[in-house]
1. Of the residues in region 106-146, how many are over 15 Å from PHE91 (Cα atoms) and of a type in the set (A, V, I, L, M)?
2. With (1) on the phi > 0 side of the Ramachandran plot; (2) part of a strand (DSSP E or B) as the list, and GLY60 as the residue in question, which single condition is left unmet?
3. Residues of region 68-111 being within 14 Å of the chain's Cα centre (by Cα) and among the hydroxyl-bearing types (Ser, Thr, Tyr), which ones?
4. Do we find a residue being of a type in the set (A, V, I, L, M) and more than 29 Å from ARG162 (Cβ to Cβ) anywhere in region 108-115?
5. Given the structure, is VAL64 under 17 Å from ALA153 (Cα atoms), touching a helix residue (DSSP H, G or I) at 6+ places or on another chain (Cβ under 8 Å) and modelled with pLDDT of 95 or more?
6. Which of the residues that make up region 1-54 are outside any helix (DSSP H, G or I) and among the aromatic types (Phe, Trp, Tyr)?
7. Looking for whichever is modelled with pLDDT of 95 or more, farther than 17 Å from GLU132 by Cα and not acidic (Asp, Glu) here; the options are ALA7, ALA55. Which one fits?
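The values are calculated or read from the model by the stated rules, or taken from the named source; none is laboratory data. These numbers come from a predicted model, not from an experiment. Positions of Cβ are generated from backbone atoms using ideal geometry, with glycine treated the same way; all protein chains shown enter the neighbour counts.
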Amino acid sequence: LHECADANAQALERLKREIRAGDLERAIAMIHAARDIYVIGLRRAFPVTAYLAYALGKLGFRAVLVDQVAALGPEQLAGAGKRDALVAVSFAPYTPATVELSAQASARKVPAIAITDSPLSPLSPSAEVQLEIVEADYAGFRSLSATLSLAMAMAVAAGARRSGRGSSGCRRP
């Protein structure tokens, strides 16, 4: 437990150091301004997108979880347009359906935020903003602690902005 928690703590510290404030601010602004927010991330990234869609919905945003059940991802994204936003999450080895659906949304000029692990990610060409995360690796499994923290911070900050409480709901110690 201690080794796993230490690895996750290191990933969280790396997240705080490496996420560029300007990129994070642009992502929050995109979410805040969007009519609808489409969220896609499959396989290992699915818990992050399910949580993000839940949190955004609780904060009054219209969030659509593109879960690809029954291969209906294209239909789930069919209503997305220029006034919406897409948040796409994928890490190596990148989930082909996430990459393909992101490219389809990009072809329709849907503004996109990519949460991924490399500047060379196949999500990069589709994204207006890219947030890169290096997660903890423990015993051959990669964590989601930093990615979930980022998703929560984005949702809370967009919600705070919407309610007029400023740009953040998270407090620094």
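1. So the answer is 5.
2. So GLY60 meets the others, but not (2).
3. SER90, THR98, SER102
4. No, that holds for no residue.
5. Here the answer is no, as VAL64 does not meet what is asked.
6. TYR38
7. One residue alone meets the criteria, ALA55.
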